[in-house]
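Below: one structure, written as structure tokens.
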């Protein structure tokens, strides 16, 4: 039996809530993010002996998030995460790798009846979140962005049949069902010098378009079509991964009371739910599993 | 010491998840609601002896929600809650009172790049919820509607000062702060024969406009202004009540590192939070506290 | 149409998280509470004009919670809530009424293999919470205590039948089902000079005993039996109210595959759920609805 | 630019809620689990063409969970997950790999005042969850078990100092602080023929003992000590990984009001929080990262 040692380790400050207000003009811009900073490197001592002489305190990491936001603003989540990652990796010998996650929470300007879009009043627009995780390992910088909790539903245009009648099968085939899911998608960008906001808007647009227009024979097929469309349109993407729960809507059986139910009245179930997860990849791309750790539920 | 007896009681089925699809034209309409049905009446026996001969099973209440949705659709939450309340109170002698809550979850049509608003594909648009609670007591019908989780923020136009320096005061006065809250508002309608959707849209619009345009000396003042504006514009409202957490944003002190922070970089705190609750009422309206039970955190 | 005015209002600081460590001996005692302080009184000005000269800042209320914990510790939640309520009502002319809620979160000492109960290491013992709300209105002091999220289940000893076969009924009668609920109970104490911890422990014990031993013909019957037992044993209780969701467990139908299922394999459902709410009262007690506002879902 | 293809994919039914009652004696045993079944294999067709002829419906996977529970009970989560994994991998050619997660929710028998431990009445004992993920790839079976949400706190015996004063550092050194965390631990067992319940109980015991008795110079040091103790005592463990949030407790500054605070009154913060994650490994063990996918936040 071998000796015992410290394996992979990382530490940092999670969920720093930061709101940045750009007041350079009377029309304020706000950027609302949640930042998680994690560092990987020469930190064995604190684990083994409690010697903290190399430990950049998690409190310091938090202060750094705020201080860098003050010096240069936030901007796109990818840009801010890259700045943080570079600050830590380039500035501290003991930091071999930094993993910086930035979640962007959306707000829209309140448009008032009399004044149109307001200068400084905003409404939180959705529970959807734009995400990025930047991992910088020495000079290597990997950017995995995405979105979570984009909840979508189709009231028709979805079938599911042709599955085998193996033991314990009772599901009835259908050629018309509600298809609903909460899309979590993550994609790896090639390069770090992109127009992040433009790329994000376009990819999100493609995912929505494809979900809406694709006639679905399975949620898997819809997922693949969404990924394929994104990769086709965006050569700067190496790969896209999805985790898509099948949020089941069951047709309510009203026949005991002599009522037909021609796909009109549905029960929206919570649990259990189908869970479809897959990657759509581009051939000849190097895998980079380490960058994906902790990002989706699979490698 | 007096005897022991059964006091107020109600029972029912909570959180029936119902999605109704109107497929009468190729352009589907979806209505996504969560219904809680509660009945009050001659139900002492089941408590005292376990005799259930008057108990309309909660499972039956759930089935009724789906069956009524099939026969006549859902429509405005107020209309659906009224139909349910009338069904139970008018149809069953033992039911003296019904309390029907309907939460409406918003969806917006996906607008695709090529096709515009989609016929049958939708996106969940926000965590905001439109609410109604209908209480029918015999012939008496009370409708309390509202909204919850309308999250709004102003990056300026908010002051807070002039509070007394009582013991344990350390808060610093400010004439420029972020004001953010998650509005829960409930209003009681006079009458039951209204254009519910139009009234709701207008009241919501007024709340947003007032929040945006009101220069705030306290969250209390903003709250009152919102309520006053709604009552002024809508004579069909008897009263409006608010529960508005003060979602604190604290200016980050960067001075230890020689950085000014002119209201640009903020820390958004979770707990504790201020909590401001108040009613704005119309004089000479009869109080109807029973209808408000369980709706806001105060009477 | 009457004029518009300010109705009932209250404000304060919600969810102050406070951990008190009694270090007077090497065997530390910890008390972990969440305190919500609310004040009611002469606060119209801040609503109407933004004049805050009477407003005890919510930040000050929070500081007061910590300062009073330092001066005298926390002790029983009821005792701490009373101290806070008296501090505010007795100390400030503009405060006519105080509502102080204290939630107590349980910890148990870690008992180590070698040393037994540990001096200063603890484990959070459950999601169950002990609660109190003290309302002091002038000299009047009302204490409503209770517990929430006490999740219990009986694998037999529960029946449900004899309900009427009204329209939309499909539920099958049963004389053996799983009964599960998450008990929220609130009781009003008579008087303020009680051994709070002893009373709480005894009432909780009675609720558990009754749930376990009572043969149930309906959840309503079980609820009433629990309340009756508590009131019978505790003359210092004026009333007890319950909110008890029926956490449905459905027997899985395995007959399509030739398998019997004699009450062994169950599906635990999330939503919808039955919701049973009732008060068990003592005759000749004055109602005190104002004190109950916001505490249970009904009056 | 290469072609686009389907990468790693898995699908199944998530969060099947199952309660099994062993009624073989009047003293019932209950087992409450949440099962997530996922299959990996020859499922490209459903993604690429919508041909579902190889797709074992997620509904069927759910039925299988209940049917296998009926035939042989549940037992230890590891045993049940292994049975499920073998059923799918051995029974279906298109299934190359199965990932079965079982969460065990704890209940304890209600002990009544008069009757002692009850035959059939139970109380949910904690939010802590025992977990297992079994991955079977052909003949290869990997078992990663653990626990989540084990919340612990030490009121003394924790220091943190000696960290470098890098830019943006403001944290003050301390030799006496509260240390609190919510332990998520996962360990990989060597072999599949173990007494799972005994191993789990012992490892959990060791983690608690070590947390309690270890004098901490950093949360990292405590984490490592916990892992080292578990591996030392349990040769059947290949590795253990931890994710431990530092649930900060901040000493409240009461000095503005002339009050000392000798580590007695603390504010328990929510966000941000420190996050310490590390693996403690045994030398010469083969890494098996694929089995860890989606289990902890890092590889």
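Every read-out reported here was derived from the displayed coordinates using simple, explicitly stated rules and does not represent laboratory data. Bear in mind that the values here come from a model prediction, so they are computed numbers and not experimental data. When we count neighbours, we look across all protein chains shown, and the Cβ atoms used for this are built from the backbone with ideal geometry, even at glycine.
Assorted remarks:
- Computed on the Cα atoms alone, the convex hull of segment C:201-299 gives a volume of 132 cubic angstrom per residue.
- Within the protein assembly as shown, the ratio Rg/Rh, alpha carbon atoms throughout and Rh by Kirkwood, equals 0.93.
- Look at the Cα gyration tensor of segment A:1-148: its axes a ≥ b ≥ c give a/c of at least 1.5 with a/b over b/c, and that counts as prolate.
- For residues of D:64-74, the mean tally of beta carbons on other chains within 10 Å: 5
- For chain D, the longest principal axis of the Cα atoms and the long axis of helix D:58-70 meet at an angle of about 80 degrees.
- Taking A:288, A:165 and counting other C-beta atoms within 10 Å, the order from fewest to most: A:165, A:288
- Among D:54, D:62, a tally of other beta-carbon atoms within 10 Å of each Cβ gives an order, fewest to most, of D:54, D:62.
- Comparing Cα centroids, segment D:1-27 and segment A:237-285 end up 15 angstrom apart.
- For the residues of D:103-116, the average number of beta carbons from a partner chain within 10 Å of their own beta carbon is 3.
- Nm distances between copies for residue B:215, ranked from closest, using label points 7 Å along Cα→Cβ: 6.1, 6.2, 7.5
- Of all chain A residues, the one whose C-beta is nearest the axis that brings A onto C, in angstrom: A:270, 2
- Ellipticity at 222 nm from helices only: DSSP H runs of n ≥ 4 in the protein assembly as shown, each -39500 (n - 2.57), divided by the residue count, give -7000 deg cm²/dmol.
- Counting other Cβ atoms within 10 Å as a rough exposure proxy, the listed residues A:36, D:192 run D:192, A:36 from fewest neighbours to most.
- With respect to chain D, whose longest principal axis is taken over its alpha-carbon atoms, helix D:77-91 is tilted by about 30°.
- Inter-chain shielding of A:221-230 (mean C-beta neighbours from other protein chains, 10 Å cut-off): 4
- Once the Cα atoms are used to define both axes, helix D:219-233 deviates from the longest principal axis of chain D by about 50 degrees.
- Based on the reciprocal of the average 1/r between different C-alpha atoms, the Kirkwood radius for segment A:1-52 equals 14.6 Å.
- Rg/Rh for chain D, where both radii come from Cα atoms and Rh is the Kirkwood radius: 1.05
- Relative contact order computed over chain B (Cα-Cα under 8 Å; 6+ residues apart), in percent: 12
- Shape call, segment A:110-196: gyration tensor on alpha carbons, a/c limit 1.5: oblate
- Stokes-Einstein translational diffusion, segment B:141-266 - Kirkwood Rh over all Cα pairs, 1.002 mPa s, 20 °C, in µm²/s: 130
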